[in-house]
Structures are given as C-alpha cells and as structure tokens.
Amino acid sequence: MMRGRRERHRMKVKRILARLSWMFKVKDCWHVCTFCEHFDMCKENGITKKEENSQMNMKYAIRSEDTEQIGVVQWAEWNIGRYPELKWLHHVPNGGSRNKSEAVKLKQMGVKSGVSDLCLPYPKGIYCGLYIEMKYGSNRQQPTQKEFLTDMAAAGHFVATCYSAEEAVKVIEEYCKLPGNVQSEVSKKVCAMAGISVKDRSMSFPNNSILKDGKVRGGGAW
C-alpha cells in the first residue's frame with residue numbers, strides 16, 4: 001500500500017513539474033499552466049522552442065503589438081497570390097528584450113533604434129516603399145520612431161502607424177493596389193497620357209498618419 005501511495009505521489013509531482021516546465025515555453029497566455037484546464041490540449045497542439053519551425057502559440061495569446069503584427073504577416077502570406085509584392089514584406093527586429101552582449105553585437109551589425117516594424121520595399125504610385133509601425137492599446141511612438149517615420153516620408157516612402165492588424169492590412173492592401181513604379185519621368189508621362197492623375201497614384205489618407213480605433217490622424221500626431 002505504501003508503495004502504491006509513493007508511486008501516485010511521484011506521478012503527481014511529475015505532472016506538476018511538467019506543467020511548470022511547459023509554462024516557460026508558452027508565452028502570452030493568461031492561464032497558469034499548473035491549474036489550467038486546457039493544459040493537455042495546449043501541449044498536444046502547441047509548438048515549443050525545441051521544434052525547428054517554432055512559432056508563437058496563438059491559441060490563448062493575449063492581444064498585443066506582437067499578436068497584431070503576426071496577424072498582418074499571416075494575412076500577407078495568404079494573399080501573395082493576389083499581391084506578389086507581399087512575398088518580401090518583412091519585419092525589422094529592432095525591439096524586444098536582449099542581454100547586454102547581444103545588444104552590443106546587434107548594434108555593431110547595424111541594428112538601429114526607431115526603424116519601423118514592417119517594410120514593403122516595392123515602389124507604388126508616387127511612393128518608393130512602405131513602412132508600418134505597429135502599436136497596440138496605449139502604446140505611443142518613441143522619439144526615434146517618430147524621427148524615422150518623418151525622415152522616410154520625406155525621402156518618398158509612405159509611412160503609417162497602425163494600432164491593429166486590420167488597420168495595417170487596410171494600409172498594405174491600398175498601397176498594393178496603387179499603379180506600379182511611376183517614379184521616373186517616362187513613367188510619369190505615360191501616366192499623364194493614360195489619364196492617371198497624381199491623386200490616383202496616391203494613398204487616400206495623409207502620409208505619416210496614425211490609424212487607431214477606425215480613425216485616421218494625419219501628420220504623425222495623436
């Protein structure tokens with residue numbers, strides 16, 4: 001009987017340790033794995049750091065800037081057939097927590113504070129590229145982010161700050177629907193001959209706008 005009790009106790013401790021271990025592998029979940037009723041399903045369907053194709057477990061993720069950006073990238077991957085340019089929509093990993101030595105190395109490699117989260121390096125309409133800064137909730141632009149957005153807008157890019165995946169998708173989709181590269185004088189003459197005005201080659205809202213809660217605020221101010 002004592003042996004049976006010890007075995008049950010050992011198995012119980014093993015299960016608790018397994019839950020505690022899993023809790024450090026699953027990020028952005030509001031449940032505590034030790035008491036979570038979804039533990040078995042989460043572990044069965046979840047993907048850990050050990051897997052080669054690791055990805056964030058979105059099943060119980062709390063909405064954040066990261067989850068919104070993941071939503072945008074997933075939409076882009078699903079719509080490459082409609083907009084081939086989306087193949088090269090990419091994230092510039094300048095944020096996140098890093099230890100001191102890694103931060104120093106990345107800075108030496110050219111990582112710069114303030115660079116926007118998403119970049120689509122294709123000229124469309126009157127613009128030479130697209131940058132999107134992702135935010136969520138009460139987060140605000142940092143001074144270096146404002147500086148980058150202002151400089152890129154002045155250099156000919158279209159830039160925007162979006163507080164949700166839906167608003168970022170709206171910006172990207174409208175940008176992709178603009179006529180192709182019309183930066184050269186020849187292209188401008190062709191557009192003029194075809195009756196394509198500057199308005200038709202421009203986005204429907206001001207450059208360096210902030211999109212939040214269905215509203216658009218121009219000029220990078222909120």
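Each row is one residue, and each column tells you yes or no for (1) modelled with pLDDT of 85 or more; (2) hydroxyl-bearing (Ser, Thr, Tyr); (3) over 17 Å from LEU118 (Cβ atoms); (4) in contact with a Lys or Arg (Cβ under 9 Å, 6 or more places away or on another chain).
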position: VAL159; (1), (2), (3), (4): yes, no, no, no
position: CYS162; (1), (2), (3), (4): yes, no, no, yes
position: VAL169; (1), (2), (3), (4): yes, no, no, no
position: VAL182; (1), (2), (3), (4): no, no, yes, yes
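A quick yes/no check of all residues on (1) surrounded by 13 or more Cβ atoms within 10 Å (Cβ to Cβ); (2) farther than 15 Å from GLU65 by Cα; (3) over 17 Å from the mean Cα position of the chain (by Cα):
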residue	(1), (2), (3)
ASN99	no, yes, yes
MET109	no, yes, yes
VAL115	yes, yes, no
LEU120	yes, yes, no
ILE126	yes, yes, yes
ARG140	no, no, no
LYS146	yes, yes, yes
(request) Only residues that are of a type in the set (S, T, N, Q) and either modelled with pLDDT of 75 or more or under 23 Å from ARG140 (Cβ atoms) (or both): list them for the stretch 81-106, please. (result) ASN94, SER97, SER101
(request) Identify all residues within the stretch 79-97 that are farther than 19 Å from PHE158 by Cα and within 15 Å of the chain's Cα centre (by Cα); write none if there are none. (result) PRO93, ASN94, GLY95, GLY96
(request) Considering only the stretch 67-80, state which residues are small (Gly, Ala, Ser) and modelled with pLDDT of 95 or more. (result) ALA76
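The values are calculated or read from the model by the stated rules, or taken from the named source; none is laboratory data. Note that the structure is predicted; figures quoted are calculated from it, not measured. Neighbour counts are summed over all protein chains in view; Cβ atoms, including those assigned to glycine, are modelled from backbone coordinates with ideal geometry.
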